[in-house]
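> Questions regarding the structure given below will be posed in turn.
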Amino acid sequence: MTPESAVPPTSAEIYDQFRGLVAAGLVGAGERLPTVRQVALDLGVSPGTAARAFKMLEADHLVVTRVGAGTTVAPGAARTSGATMTQARGLVEAAKSNGDSLEDVLSVVRSLWTH
């Protein structure tokens, strides 16, 4: 959250952000996540909101939390293949260079996915 008028994210939005990082392989198996307290401070949310997001990640077996060791990405949590990630990166680069918006690209992908 950079602008002061920005609305703090919900636990579901925090969950979605971390899930996306894991699925994209941007955080790998065994990599330690920031603490609940740090996430809360960074995002301007209550520790309870951040904790709910972490519980959701645990429930989906994306992370493992151990007392004293913190929260790490679970083994095998990344569910997107390397080939798909390579193609997705290419799509993102092309869309950005063409000036396409994220919303437009997602709309096209959703349309292609269902047809």
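> Are there any pairs with C-beta distances below 6 angstrom linking a residue in the range 47-59 that is among the charged types (D, E, K, R) to a residue that is assigned to a helix (DSSP H, G or I) and surrounded by 15 or more Cβ atoms within 10 Å (Cβ to Cβ), with the two at least 6 apart or on different chains, and if so which?
Within 6 Å, the pairs are Arg52/Ser11.
> Of the residues that sit in the range 53-70 and are over 25 Å from Val7 (Cβ atoms) and not aliphatic (A, V, I, L, M), which one is surrounded by the fewest Cβ atoms within 10 Å (Cβ to Cβ)?
Looking at the filtered set, the residue picked out is Gly68.
> Tally up the residues in the range 1-52 that are charged (D, E, K, R), part of a helix (DSSP H, G or I) and surrounded by 13 or more Cβ atoms within 10 Å (Cβ to Cβ), please. So that I can check it myself, show each step before the final result.
Going through the range 1-52, the residues charged (D, E, K, R) turn out to be 4, 13, 16, 19, 31-32, 37, 42, 52.
Cutting the leftovers down to part of a helix (DSSP H, G or I) gives us 13, 16, 19, 37, 42, 52.
When the remaining residues are screened for being surrounded by 13 or more Cβ atoms within 10 Å (Cβ to Cβ), the result is 13, 16, 19, 52.
The total comes to 4.
> Among residues belonging to the range 37-70 that are among the acidic types (Asp, Glu) and more than 14 Å from Pro9 (Cβ to Cβ), point out the one that is modelled with the highest pLDDT. If you could, list the steps in order and put the result at the bottom.
Our first condition is that a residue be among the acidic types (Asp, Glu); within the range 37-70, this holds for 42, 58, 60.
Going one step further and asking which of them are more than 14 Å from Pro9 (Cβ to Cβ), we end up with 58, 60.
Working: Glu58: 94, Asp60: 90.
So, considering only residues that are among the acidic types (Asp, Glu) and more than 14 Å from Pro9 (Cβ to Cβ), the one modelled with the highest pLDDT is Glu58.
> Say we look at the range 58-106 and pick out the residues that are hydroxyl-bearing (Ser, Thr, Tyr) and part of a loop (DSSP other than H, G, I, E, B); which of these is nearest to the chain's Cα centre (by Cα)? Please lay out each step first, then the result.
Our first condition is that a residue be hydroxyl-bearing (Ser, Thr, Tyr); within the range 58-106, this holds for 65, 71-72, 80-81, 84, 86, 97, 101.
Filter again for part of a loop (DSSP other than H, G, I, E, B), leaving 80-81, 101.
On the way: Thr80: 13, Ser81: 16, Ser101: 19 Å.
Taking the candidates together, the pick is Thr80.
The values are calculated or read from the model by the stated rules, or taken from the named source; none is laboratory data. Nothing here was measured: the structure is a model prediction, and the numbers come from that model. Note that each Cβ is placed from the backbone with ideal geometry, even for glycine, and that neighbours are counted across all protein chains shown.
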